[in-house]
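Undergrad: Here it is: the structure, laid out below.
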Amino acid sequence: MAQVTLKNVFKRYDNKVTAVNDLNLDIRDKEFMVLVGPSGCGKTTTMRMIAGLEEISDGTVQIGDRVVNDVSPKDRDIAMVFQNYALYPHMTVYENMAFGLKLRKVPKADITRRVNEAASQLGLESLLQRTPKQLSGGQRQRVALGRAIVREPQVFLMDEPLSNLDAKLRVQTRAELIKLHRRLGITTIYVTHDQVEAMTMGDRMAVMKDGLLNQCDTPMNIYTNPVNMFVAGFIGTPSMNFVKATLVKGANGYTVDAGSFKVAAPPIDDSLLAQYAGKPVIFGIRPADIFDKSLKNPVEATEANTIRTLVDVSEPMGDIVTFYLTAGPHQLVATIDSETKAKDGEALDVVLDLAKSHLFDPETEQAIR
Ligand code: ATP
């Protein structure tokens, strides 16, 4: 079993910067866990502590049943693929992949078998005799992966392994990595600052900010139930809309009053809403949950979910149009089906899917739920 467990892990630099702050994380056997967050949030530091390249200031890191705090990187049974996947330029693909095994004095027949197996898994068979400079960026990246796979490690650590690839190759290699993980079933921890990678690749993802773990769950649960405004805004593109409003209790239940528009409150327990009655809240709704009233929509328009907006700018994207709308002083982004006839500078009535909307506490920025 190669689960990886971080318990109360801290990393302090010079007793000043707390790069990782009391991190608790349980990565299950065979799981693909994505660590995601903005630059400087502590992702790489976390990986380097798991790898043994960085000392742990406090807490424990466990791989399988073994606490590895004092185990050297080469004895942790992990393989790493990092952003700068430096291949040895004077060695062939075969030699690059075999090198680590040779150092470990693995018998030659085993090396040949493992390299050939990895090459076939990664579609590198025909490239084994080439040198890195005779390869494309994507092929080089696959060799770097191959070098990790031949080690048959218990755990893969990948730190932004796709960041040197162009957009198209990134998407392609992303899919290959997912397939590879399904085939090999090796516990994988994958660092990225790209929320699309995090959404599409991980069984679960851990969203970090300023050294703190904010939320760890499946991508879908995080998308639908973010714990705070940071997670809500970071995951999903375009970002969730946030509108300053007041929660008002009326005869027919609670209303979100944003001044220039009023809508019914999201489906949140009345006892919770009662605590915010008459108080400021932040109303959150994703661009994909806003619809053009004049089209056929999954939600029926009612007085309680429809608002009048003005189209500021629209950006056709093919299947959808991204609209930048205003409703009084508020700005809203909406991704609407391209059937829409709405035009820049014109009024547009939009329907909000309030079942998918959110409320946040303006002070703590935590979700009210
Ligand atoms: P990025 O996506 O930019 O790589 P990250 O999330 O991986 O960022 P880390 O590299 O883990 O972030 O850095 C976390 C914090 O620790 C940052 O504030 C960084 O400046 C700080 N830090 C990292 N290494 C050191 C160091 N050797 N000495 C002091 N501070 C450091």
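Undergrad: From the list L169, L212, which residue is touching a helix residue (DSSP H, G or I) at 6+ places or on another chain (Cβ under 6 Å) and surrounded by fewer than 19 Cβ atoms within 10 Å (Cβ to Cβ)?
TA: L169
Undergrad: Restricting to region 155-175, what's the tally of residues that are more than 16 Å from M33 (Cα to Cα) and either acidic (D, E) or over 19 Å from the mean Cα position of the chain (by Cα) (or both)?
TA: 1
Undergrad: Where in region 235-307 are there strands (runs of 3 or more DSSP E), lying fully within it, with 2 or more residues that are surrounded by fewer than 17 Cβ atoms within 10 Å (Cβ to Cβ), on the phi > 0 side of the Ramachandran plot and in contact with a helix residue (DSSP H, G or I) (Cβ under 6 Å, 6 or more places away or on another chain)? So that I can check it myself, show each step before the final result.
TA: Values: elements: 241-250, 253-257, 262-264, 280-285, 290-292.
No strands (runs of 3 or more DSSP E) qualify here.
Undergrad: Related question: Taking region 278-307 only, how many residues are within 17 Å of V243 (Cα to Cα) and free of Cβ contacts under 8 Å to residues at least 60 places away in the same chain?
TA: Qualifying residue count for the region: 8.
Undergrad: Given the residues K7, K11, which is the only one that is more than 18 Å from G202 (Cα to Cα), surrounded by 20 or more Cβ atoms within 10 Å (Cβ to Cβ) and modelled with pLDDT of 95 or more? Don't jump to the end; show me each part of the working.
TA: Details: K7 fails: surrounded by 20 or more Cβ atoms within 10 Å (Cβ to Cβ).
Criteria check complete, one pass: K11.
Undergrad: Test G100 against the criterion of being surrounded by fewer than 22 Cβ atoms within 10 Å (Cβ to Cβ), in a helix (DSSP H, G or I) and modelled with pLDDT under 85, and give yes or no. Spell out the reasoning first.
TA: Numbers: surrounded by fewer than 22 Cβ atoms within 10 Å (Cβ to Cβ): yes; in a helix (DSSP H, G or I): yes; modelled with pLDDT under 85: no.
No; evaluated as a whole, the condition is false for this residue.
Undergrad: Which ones in region 334-369 are surrounded by fewer than 18 Cβ atoms within 10 Å (Cβ to Cβ), assigned by TED's automatic domain parsing to the domain that holds G284, in a strand (DSSP E or B) and under 29 Å from the mean Cα position of the chain (by Cα)?
TA: D337
Undergrad: Looking at L169 and the list (1) out of contact with any strand residue (DSSP E or B) (no Cβ under 8 Å at 6 or more places or on another chain); (2) within 16 Å of the ligand (Cβ to nearest atom), which single condition is not satisfied?
TA: Among (1) out of contact with any strand residue (DSSP E or B) (no Cβ under 8 Å at 6 or more places or on another chain); (2) within 16 Å of the ligand (Cβ to nearest atom), L169 violates only (2).
Here's the yes/no breakdown for (1) outside the structural domain of F323 (by TED's automatic domain parsing); (2) in contact (Cβ under 8 Å) with a residue 24 or more places away in the chain; (3) surrounded by fewer than 21 Cβ atoms within 10 Å (Cβ to Cβ):
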residue: L180; (1), (2), (3): yes, yes, yes
residue: G185; (1), (2), (3): yes, yes, yes
residue: V191; (1), (2), (3): yes, yes, no
residue: A206; (1), (2), (3): yes, yes, no
residue: D217; (1), (2), (3): yes, no, yes
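The values are calculated or read from the model by the stated rules, or taken from the named source; none is laboratory data. For clarity, every value in this text was computed on a predicted model and none was experimentally measured. Neighbour counts run over all protein chains shown; Cβ positions are idealised from the backbone, glycine included.
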